[in-house]
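Structure record follows, encoded as structure tokens.
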Amino acid sequence: MLIPMEVPPHKKWWMVAQLGFALTMAGIGGAQVPDFTEDFQGDTIDPGWSLVNPAGHQGRVVDGLYAIRGPRGNATGLRRSMGGQGDFSMEIRLKLEPFFLDNHGGTQADLKIRFEGPGAWFEVVLNSFKVIRATSSEIGGNLEAPVTLRGIKDGDDIGFQLTYDEDTSVMSVNYSAGNGPWQALASGSGVTPRALRYSEIQLFKFGSRQETLPCMKLNNYQVAGGSPEVISPWLKVMASEGACEMTWRSEPARLYAIEQSHDLIRWETVASQIPASPPVNTHRLEGFCEQRRSFFRIRESNSSNWPHGDYCAMLAQEIQGKKHAFLAGNVTYYIGGRYTSWDLQEHETLGLTHPFHHDLRGRGSGIVTDATTGQGHDFRGWEFYRDTKIAYGTVIVNGKSYPKPVPKKMFWRPDRVICEYVLDGVAIREDKFIALNDVACSIIKASEGIELQFEGHSYVSESHSVERTSTVRHDAAQNLIHVSEGGTVLTSPVQGVEVEGALIYDGMSTVISTSADFADYQSFRDNGGRQQYAFKVPCGPEGVTLCWAMHDTFTDARDRVNDVLQDPEGQLAAKTAYMDDLLTTQIPYFRCSDPDIVNIYYYLWAIYLMYYIDVGEGWEVYPHTQTAVNNFLGMHRFDANFQIKVGAWVRDKDYYANGNVLIWSALLPFARSGGRLPDNMGKSWFSPVWGTTTDHVIGAWDIYEHSGDPEFIREVYEPYFKPLFWNGISNHWGARFDAVKCLKKMANLTGNAADVARWHAIGEVDNLENWMNSEWERALPDYWGDTAPAIYPPGTMDRALYWTGMAYMRNSWFPENWARRMTERWAVDSEEGFNGPIPPTLVAMQDFDHTFPSFASAPDLAYYSIIGMYERNVGSNANLMGLEHLKKYNLKWGIPVAPESYDDEWDIWGDQYSNFNAGKILIILNGIAGLDYSIPEGTFEVTDLMPEEWSFMELKVPVTLSGKTSWVNVRIDRADIGNGVIEKKIAIANNPLETLKIEPWLEERVLVDATAGDAAEAPRGRLSYSFRSSNEEEVIIRLQN
């Protein structure tokens, strides 16, 4: 039932009791689509079927399986009329054998569950690459990002569920594979009955190998027609398998949040910052619909009431069995459970599994002083967190013990990880977080009284420890455990050298305490030299809090823990407020009509900001971001090429931008030719692997353009960049020419005009044109540069076409027409070029057998390839590659992900929360939105490339001028106004800069009408407008389809 609630005038609420699937279907009757079942049990099939390409039909091969084999180049299958119009649900069960095979691409075929009608169609496609998607001609493409079915094989049972609601035009698709549960694939509004006249199940073989013909074996086909009686015209809920899908009527310029309660008293936000997608919104909640009764309410607010601060709730994602938990403080981190790459090795459990201290005193598990690498470098033990064991829980209920329980659900948010357990009828909730003082904390509450036992041990490296000298003591008076870590390990400061050195934690103190008094404390030293400890505490509805801290002194660790234990709920609220504030007040606000892209944008920003570290000792005197929690803490020189540029968009550049550049100045004494610096660094160590820093110069100038801070340039130029590059500058995919431009500007700005001639010569600027002509089409038509020796398989003498030629497009000197030709011929080509299953690929698809197995697609090549397409104004092909990459690479299980790479089977690989993905933020801000501004020049520019499938895009950019921050609002709306005419409106407000420049993209269409402006200087495919001393402006253009 619908329950109205009293709310402030600017908000609306709807509330509904969620009781399961029956909630949305009070009764079925008067169905327009008739019920139909085909179980394929008899010798013949229902006469209502039409056979598509009958030659491929083998018929009933065994009882209940009807086999169809797919010939090359033609569809074959079954087709029938839906027999009516209206709401329906459909379930199909089948097997595919052969289809996937063992080799790449399998039979090179598609299975399609297809609907069609006059001029419209809808289909679910599963291909032999194991990729499944739902797509619609009316929606204009995929409903949501395709999903890769890991582990599926020939002969597995496969199921499809499709549910259609005519009133909302929403089609929802679930799938199951093997013996797994139903999984949501996609849901979208805009599918009309016109596309649903006929239903088909078909095979289509697109590959050329005749000997590998695919075969499907149909088991069941069932349609249930009906017109559900919904709870109200405002809200519908459909629940199954622990998930629920909500659909409600929405209005323009609104934001929505979903809140959940089990008692109608205490409410928790489970989804927020949901933009309106009129006329209806559909949102799926994974993991929130349990067997016990839940209530949900929808909150509506006016999107003009900005800022909106509940980003931690907005980014919540259910990750149990998908990813490990990850939390970050300043020098404290938390990994919950353990994965090898993305293969599960250990589930997260109750308590604190792997909190660890990492202040960059060392890189691995040990510390030695080396003449080459300084003090603390180690090529071993980068993932030393794996050998930590702090507080693994056992739940004791009614005399039964449940050691290391696996969460029923686990939710990640930037501020916390929430684990839910149900053991012997007792519901347990655990909130884990790292407080602002670097204490790892777990707040545990149970629905009734239970006992918890925790056990852990001191740190010993399983592979590298030599001496094991740690001690442990129980301080009953202070209710804590104090571990004094100690020992030695084998380290490798340089390749091929093994030295015994101090344990990374030698001499440090760990403190563990709880809000309830310990009972049954025990400790002993095991055969591996670890100091084992265990204790028990009670827990009930009021809860118990467990805390851990590590520091160089016992008193510091103890005092930090005690501070949190005094008010753990307050500490958690403070952490939430801190993360929400970062995502609200430090970065550009972004919304668009595609919620997946919005979620990816904020997820990548959250990771980028979570990795910030401020040590303040040794070489680590500037705050900066980092790359990966499990093996690349510290800033990585190569990754900094784009992480520096991302920092230029943050409001507080003194803290979040400048240090990403300046941190590297400490390594100037160790620089090599061309401005090469070591790969990674810490307080007193560096990695003995050198590489280019040319792009750091361009990023530094971006920071200056966005800050207008000459002191930053004075700090970075003469003491650092000038000596680093004075004798040469590495090319780095053509970046040296733009870097030299920046160095010239820095020289003039800092009163070093005499340096300009030197930079001109070092950059070989006068030879640019000759060099360009020598490299363009050097090996292949419409491509830059040469092929390169293949790196895989080992020992091959072949050459392959690598993605690096596309990286040159990002440079300002690269001709636009070359960029268009290279993108059209190579980037978007899926047969010979780089538009593979997850584009762009490491090597061209024509050479895919030479790809590196674990890096078939990766974040760096995506950034370098795609950002140049936007910078060089190549048009719709930039969006084709940009959106395809974001939605295929950074979405999995319907949630944002940030993997290190995808392998040659298109399985996710490497680090799970990798800031290697930071460059994707620039694809959205610099690329799709086309934003830039310059404080020194007094200009704000919008050169959009908003995708044609989006109805709107809105951004608010923090621009600080003379100490005052203005949030410049950029809003682009796109609508079909009839007769094949598209109207596009670009509105800018709150601009504090002297010049406002707007260059709207014409979408490669015919211009019908436009706001009067100066089109003479417009780039190709755009109009150009320039306004002086204007705080707000609006431009409207009309385009013909």
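Please treat every number below as a calculation from the coordinates, not as lab data. What you see is a predicted model, and the numbers here were worked out from it, not measured in a lab. Note that we place each Cβ from the backbone using ideal geometry, even for glycine, and neighbour counts take in every protein chain shown.
Counting lysine pairs in region 929-1040 that sit 8 or more residues apart in sequence, or on different chains, and whose Cα atoms lie under 18 Å apart gives 5.
Sorting Phe524, Phe411, Phe554 on the 10 Å Cβ count, fewest up front, what's the list?
With the sparsest Cβ surroundings first, the list reads Phe524, Phe554, Phe411.
Legend: ranking of residues Lys985, Lys432, Lys744 from fewest to most surrounding C-beta atoms inside 10 Å; resulting order Lys985, Lys744, Lys432.
Residue farthest toward the positive end of the dipole of the chain, with Cβ of Lys/Arg at +1 and Asp/Glu at -1: which of Ser465, Tyr602, Ile512? The residue sitting most towards the positive pole is Tyr602.
The helix-based estimate of mean residue ellipticity at 222 nm for the chain, built from -39,500 (n - 2.57) per DSSP H run of four or more residues and divided by its residue count, is -4500 deg cm²/dmol to the nearest 500.
Here the peptides 731-739, 758-766, 959-967 are ranked by packing, the mean other Cβ count within 10 Å, and the order with the highest first is 731-739, 758-766, 959-967. Measuring nothing but how far apart in sequence close Cα pairs (under 8 Å, 6+ apart) lie, relative to its length, the chain scores a relative contact order of 7 percent.
Our summary gives region 651-808 a relative contact order of 16 percent, counting only alpha carbon pairs under 8 angstrom and 6 or more residues apart. Taking a straight Cα-Cα cut-off under 29 Å and skipping sequence neighbours fewer than 8 places away in the same chain, the lysines within cross-link reach of Lys404 are Lys322, Lys323, Lys389, Lys432, Lys445, Lys536, Lys575, Lys892. If you take the alpha carbon atoms of the chain and fit the smallest convex hull around them, that volume is 189 Å³ per residue.
Provide the net charge surrounding Glu542, with neighbours chosen by a C-beta distance below 12 Å and charges set as Lys +1, Arg +1, Asp -1, Glu -1.
Taking every Cβ under 12 Å from that of Glu542, the sum is -1.
A Cβ-based charge dipole, computed about the Cα centre of region 865-911 with Lys and Arg at +1 and Asp and Glu at -1, lands at about 360 debye.
Counting only Cβ charges, +1 for Lys and Arg and -1 for Asp and Glu, the dipole size of region 555-616 around its Cα centre is about 100 debye.
Neighbour counts of other C-beta atoms within 10 Å: give me Lys205, Lys892 arranged from fewest to most.
Values: Lys205 24, Lys892 20.
In increasing order of surrounding Cβ atoms, one gets Lys892, Lys205.
For Lys112, the lysines whose Cα falls under 16 Å of its own Cα, not counting residues fewer than eight places away in the same chain, are Lys95, Lys130, Lys205, Lys217. In a reduced charge model with +1 at each Lys and Arg Cβ and -1 at each Asp and Glu Cβ, region 36-225 shows a dipole moment near 620 debye about its Cα centre. The convex hull defined by the C-alpha atoms of region 36-225 has an orientation-averaged projected area of 10.2 nm². Loop-located GluC sites (Glu not before Pro) in region 464-565 (DSSP state not H, G, I, E or B) with no more than 15 neighbouring Cβ atoms inside 10 Å: Glu498, Glu542. In this entry, region 318-582 is assigned a mean projected area of 14.4 nm², taken as a quarter of its C-alpha convex hull surface. Within a straight-line Cα-Cα reach of under 22 Å, Lys741 can be paired with the following lysines, leaving aside sequence neighbours fewer than 8 residues apart in one chain: Lys645, Lys722.
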